[in-house]
């Protein structure tokens, strides 16, 4: 039988995240938005809370097991503090979790520990495309098998930390099916464009990127030669977004409530 009651370990983790969200993320959110970036020290402090590491088994460098409930609770509590900071801290999960969910055993052993066991570093993913009718299940970015290699062509947008990313999962259309590909920094044909700015999360650096016949070895297909299912990855993304939406809604309610109680109306304080 499923239970959504947090365990003692989850309660301890959420309490720690709540303190960080209140004392650090929320306290610095305004300045971060004005400056256009989340300070590295703030991101690293959030990373050290270990909520992503707690979802990774020990054999891959973590200290727990994958739990959607833990992930949603952590996302909600962080977003209650500040959404841009939350997205910055969680960005490496865009690279790690798809590999954990759908990667081959070799890919898990090779790519997850260097991210999990180190300090926060920019690993990311490229899914969204610059079109009004973007559909993650019908991507315009394409990939073909050519001379024993995969060749990716297309454009992506809103990629967090793209210029400095050590690696990213790039999603493309392979024979009508969305598939992820592991793309490492410096691969020929990958061009990162200018930074984009988003209202409300101005502190999160996101970028457009083009893939001009980016050639990858066959082993960089997520899941190995047979590929993978995209639905579990998309479901994981949606759960995280839902958790952050709840946290953001809580914060918005609290700010609105406090403002409504303290505002002046025609010189008279409303209480």
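Quick check: anything in segment 227-235 surrounded by 17 or more Cβ atoms within 10 Å (Cβ to Cβ) and in a helix (DSSP H, G or I)?
yes
Going through segment 12-39 one residue at a time, which ones are without any contact (Cβ under 8 Å) to a residue 24 or more places away in the chain and either more than 19 Å from residue 251 (Cβ to Cβ) or not in a helix (DSSP H, G or I) (or both)?
Selection gives 12, 39.
Consider segment 178-197. How many of its residues are surrounded by 14 or more Cβ atoms within 10 Å (Cβ to Cβ), in contact (Cβ under 8 Å) with a residue 24 or more places away in the chain and on the phi < 0 side of the Ramachandran plot?
10
When the residues of segment 101-150 are narrowed to those that are under 14 Å from residue 213 (Cα atoms) and crowded, with 18+ Cβ neighbours inside 10 Å, which ends up farthest from the chain's Cα centre (by Cα)?
Of everything passing the filter in segment 101-150, 150 is farthest from the chain's Cα centre (by Cα).
Among the residues in segment 201-211, are any modelled with pLDDT under 95, in contact with a strand residue (DSSP E or B) (Cβ under 8 Å, 6 or more places away or on another chain) and not in a loop (DSSP other than H, G, I, E, B)?
Looking for residues that are modelled with pLDDT under 95, in contact with a strand residue (DSSP E or B) (Cβ under 8 Å, 6 or more places away or on another chain) and not in a loop (DSSP other than H, G, I, E, B), one finds none in segment 201-211, hence no.
Can residue 260 be described as touching a helix residue (DSSP H, G or I) at 6+ places or on another chain (Cβ under 6 Å) and either part of a helix (DSSP H, G or I) or surrounded by fewer than 17 Cβ atoms within 10 Å (Cβ to Cβ) (or both)?
Here the answer is no, as residue 260 does not meet what is asked.
Only one of (1) part of a loop (DSSP other than H, G, I, E, B); (2) in contact with a strand residue (DSSP E or B) (Cβ under 9 Å, 6 or more places away or on another chain) is not met by residue 224, so which one is it?
In the conditions (1) part of a loop (DSSP other than H, G, I, E, B); (2) in contact with a strand residue (DSSP E or B) (Cβ under 9 Å, 6 or more places away or on another chain), residue 224 misses (2) alone.
Of (1) part of a loop (DSSP other than H, G, I, E, B); (2) in contact with a strand residue (DSSP E or B) (Cβ under 9 Å, 6 or more places away or on another chain); (3) surrounded by 11 or more Cβ atoms within 10 Å (Cβ to Cβ), residue 155 satisfies all except one. Which?
Here residue 155 clears every test but (1).
Which numbered condition trips up residue 147, out of (1) over 25 Å from residue 100 (Cβ atoms); (2) in contact with a strand residue (DSSP E or B) (Cβ under 7 Å, 6 or more places away or on another chain); (3) free of Cβ contacts under 8 Å to residues at least 40 places away in the same chain?
(2)
When only residues in segment 49-100 that are in contact (Cβ under 8 Å) with a residue 60 or more places away in the chain, within 20 Å of residue 127 (Cβ to Cβ) and assigned to a loop (DSSP other than H, G, I, E, B) count, which is farthest from the chain's Cα centre (by Cα)?
My answer is 52.
In this structure, does residue 254 turn out to be part of a helix (DSSP H, G or I), over 20 Å from the mean Cα position of the chain (by Cα) and farther than 29 Å from residue 78 by Cβ?
It is false that residue 254 is part of a helix (DSSP H, G or I), over 20 Å from the mean Cα position of the chain (by Cα) and farther than 29 Å from residue 78 by Cβ.
The values are calculated or read from the model by the stated rules, or taken from the named source; none is laboratory data. A quick note: this is a predicted structure, and the numbers were derived from the prediction, not measured. Cβ atoms come from the backbone with ideal geometry, glycine included; neighbour counts cover every protein chain shown.
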